[in-house]
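Below is one structure, written out as structure tokens; comments come after it.
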Amino acid sequence: MKIDNRKLVTVFGGSGFLGRYVVQALTDRGHRVRVACRRPDLAYHLQIAGRMGQVHAVQANLRYPWSVERAVDGVDHVVNLVGILAESGRQRFNAIQAEGAATVARAAAAQGAGLVQMSAIGADENSASRYARTKALGERAALESVPDAVVLRPSVVFGAEDQFFNRFAGMARFSPALPLIGGGHTLFQPVFVNDVAQAVGEAVDGKVAGGRAYELGGPEVLSFRRLMEEMLIVIDRKRALVPIPFSIADRMAGLMGRLPGAPLTRDQVEQLRHDNVVSQEAISEGRSFEGLGIVPRSLEAILPTYLVRFRPQGQFTRGAPTSDKTVDEEIAPRA
């Protein structure tokens, strides 16, 4: 007799950047997905992630426990991806990443459902960063309510809709220089969004040991300066990279933080004081991609697939042609 391992999974934050890839990974595995978000009407793009009826969007807000409980009614597994990079209005770090995570975890526990809690490398209850501190509180809340929950801590996540490389590539189109906070020495281990989504899929499938936090990083550890240099190579632009000391950056962030959609906040400056890479402890204990049996993809393989639109000539390249056939040769008229 064949056992049906397909599950009904609620994904909080499923309409966001990482969420759309998680939904796709889950539908590819045959699961039915209930996408819980504040604006279901803005999640129609997820319908094509699966077969008809496989993906369904429902309204939920982590600040209202009754909506969370309704969203997880009858499910087998819960995935919480909700997080914010900066505070705005009623969207506060503590309300979303600590109290909100606790609300989701309690609702999952009441259903007897499994839980995947998305966190971040650097999560620490003693951190001076409110972002990192509330991420850690969210982890603790998840494990207290669901002891076998799987916690995932990615480094900076990149992909077609990311807010990292797209943001700086967009700046490079108009600005003659890009800032390097703290001199650009902070180390990162960028991770491809699809690889993180596959880790979520493995956890939902029950192939990941619970009660642990897994740190997810790509194959390269690069400084912030090097990341900007790599990005500029891909978009075929030359820009000055200007080091800005942390003390000056903190004052700049204090002024910018008062603006709507602030480009830089003091909390972000604080985060940049610390490297964002997978720890040796996580690697040795099998709490990394290697332990999950996933081979992460490199920046070199992915960045050109979506940053090409920031090149001066778009998909076309400048300079002498190489031995390989270029796009220009493909469209050139034949003699």
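A short reminder: the numbers here are calculations on the coordinates, not readings from a lab. A quick note: this is a predicted structure, and the numbers were derived from the prediction, not measured. FYI the Cβ positions are ideal-geometry reconstructions off the backbone, even for glycines, and counts take in every protein chain you see.
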For the chain, with only Lys/Arg (+1) and Asp/Glu (-1) charged at the beta-carbon, what is the dipole magnitude about the Cα centre, in debye rounded to 20? 960 debye
Quick one: what does P(r) look like for region 6-52 with 5 Å bins over all Cα pairs, in whole %? 5, 25, 38, 24, 7, 1
Restricting to aspartates and glutamates and to Cα separations under 14 Å from LYS135, and discarding same-chain partners fewer than 8 apart, the set is GLU87, GLU99, ASP124, GLU125, GLU215, ASP267
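Which FRET efficiency, nearest 0.05, do ARG273 and THR305 yield, Cβ-Cβ r, R0 30 Å? Provide the component values of the computation, followed by the final result.
Working: r = 32 Å, r/R0 = 1.06.
For ARG273 and THR305, the calculated efficiency is 0.40.
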Which one, VAL58, VAL193, PHE12, projects farthest toward the positive side of the charge dipole computed for the chain from Cβ point charges (K/R +1, D/E -1)? VAL58
Please give the helix 130-145 orientation as an angle from the longest Cα principal axis of the chain, in degrees from 0 to 90, rounded to the nearest 10. 30 degrees
Peptides 94-101, 20-27, 8-15: what's the order by average Cβ count within 10 Å, highest mean first? 8-15, 20-27, 94-101
Between the helical axis of 165-174 and the dominant principal axis of the chain, each derived from Cα atoms, what acute angle in degrees is found, rounded to the nearest 10? 30 degrees
May I ask which residue of VAL269, GLY30, GLY138 lies farthest towards the positive end of the charge dipole of the chain, with charges of +1 (Lys, Arg) and -1 (Asp, Glu) on Cβ and the Cα centre as origin? VAL269
Run down the aspartates and glutamates and flag those whose C-alpha is under 15 Å from the C-alpha of LYS7, throwing out any fewer than 8 positions away in its chain. ASP28, ASP73, ASP76, GLU202, ASP205
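Of the beta bridges DSSP finds with both residues in the chain, what % are antiparallel, to the nearest 5? Show your work: numbers first, answer last.
Working: 3 of 37 bridges.
Looking only at bridges with both residues in the chain, the antiparallel portion is about 10 percent.
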If you split all Cα-Cα distances of the chain into 10 Å bins from zero, what percentages do you get per bin, shortest first? 5, 24, 32, 24, 11, 3, 0, 0
Descending principal axes extents, region 133-197, alpha-carbon based, whole Å: 51, 27, 16
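When you count, for each residue, the other Cβ atoms within 10 Å and take the mean per peptide, how do 137-147, 156-166 rank with the highest first?
Values: 137-147: 20.7, 156-166: 19.0.
Listed from highest to lowest mean packing, they are 137-147, 156-166.
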With 0.36 nm assigned to each residue of separation and the Cα-Cα distance removed, LEU241 to VAL295 gains 16.2 nm
Helix 224-234 vs. the chain, principal-axis angle (Cα, 0 to 90°, nearest 10): 70 degrees
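Relative to 2.2 N^0.38 Å, what does the C-alpha radius of gyration of region 15-135 come to as a ratio? Two decimals please.
Ratio of Rg to 2.2 N^0.38 Å for region 15-135: 1.06.
Using mean Cβ contacts within 10 Å as the protection proxy, how do 197-209, 169-181 order, highest first?
On the way: 197-209: 20.5, 169-181: 15.6.
So the peptides 197-209, 169-181, ranked by packing, come out 197-209, 169-181.
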